Every structure is written in C-alpha cells, then in structure tokens.
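The values are calculated or read from the model by the stated rules, or taken from the named source; none is laboratory data. Just so you know, these numbers come straight off a predicted model, no measurement behind them. All Cβ positions, glycine included, derive from the backbone under ideal geometry; neighbour counts span all protein chains shown.
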Amino acid sequence: MLTITEQAMQEIEMNLDESDEPFLRIAIAGGGCSGFNYIFDFEQNKGEDDFEIGRVLVDSMSMQYLTGATVKFEDSLMGSQFIIDNPNAQTTCGCGSSFSV
C-alpha cells in the first residue's frame, strides 16, 4: 500500500480545505523525461476502482506503480514540495517528478 507521512497528510488536508474539494488524487501518467509522471490533482468524486487513504485517492492502475512508496512533504529554503520515495522506480529524472520502471 501507499504510505503518506503525517506531515504530508497535514499539508494535503490544509490544501484541500483551501480548495473546497473533498479529495486529492495521486496518479501516474505516461510522459516526462523518464517515462512516467506523478500527478497531483484536486478531485470531486471517488471512482469505483479508487483506493482511499484519508482524503487521498489513487486509481488501481496507478497503485500498481505506487505500492510500497511513501509520500513526504518537504519545506526548505528551496521551496515546498511533495516528494514520492518510490522503490518501484528504477530511474528518476533530476527534478524527481518522473520515473521509469
């Protein structure tokens, strides 16, 4: 299953409360410099095949690539961002937003 750290979940909750959307969707899409991209998007509705982790939704196809991964939130002088530590990724790009398996 996908793990979301406490700090990341707090940041997700805060962003959802500001957006008036009930869910955040984390998904995998083809593209990017390494083959697949991580997508974070606000979502209104839960799908039939969605996994629900708190207020986070992940579709079943994306979960195949995210099983065992951890979503973290980093707040530093360089900026704030969500980071996915994904043991399924064989290679990642320099910015960390795309990967290959």
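Can you name the residue in the range 1-33 that is over 11 Å from the mean Cα position of the chain (by Cα) and in a strand (DSSP E or B) and, of all such residues, is farthest from Asp75 (Cα to Cα)?
Residue satisfying both the conditions and the ranking: Gly30.
Each row is one residue, and each column tells you yes or no for (1) among the small types (Gly, Ala, Ser); (2) more than 19 Å from Ala89 (Cβ to Cβ); (3) touching a helix residue (DSSP H, G or I) at 6+ places or on another chain (Cβ under 8 Å); (4) in contact (Cβ under 8 Å) with a residue 24 or more places away in the chain.
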{"site": "Asp17", "(1), (2), (3), (4)": "no, yes, no, no"}
{"site": "Pro22", "(1), (2), (3), (4)": "no, yes, yes, yes"}
{"site": "Phe40", "(1), (2), (3), (4)": "no, no, no, yes"}
{"site": "Arg55", "(1), (2), (3), (4)": "no, yes, yes, yes"}
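Here are Ser97, Ser34: which of them is among the hydroxyl-bearing types (Ser, Thr, Tyr), closer than 23 Å to Met1 by Cβ, surrounded by 17 or more Cβ atoms within 10 Å (Cβ to Cβ) and at pLDDT below 95?
Ser97
Considering each residue of the range 42-53, count those that are under 15 Å from Ile4 (Cα atoms) and either surrounded by 16 or more Cβ atoms within 10 Å (Cβ to Cβ) or in contact (Cβ under 8 Å) with a residue 60 or more places away in the chain (or both), and give that number.
Final tally of qualifying residues: 2.
How many residues, within the range 29-52, are farther than 17 Å from Gln81 by Cα and among the aliphatic types (A, V, I, L, M)?
1
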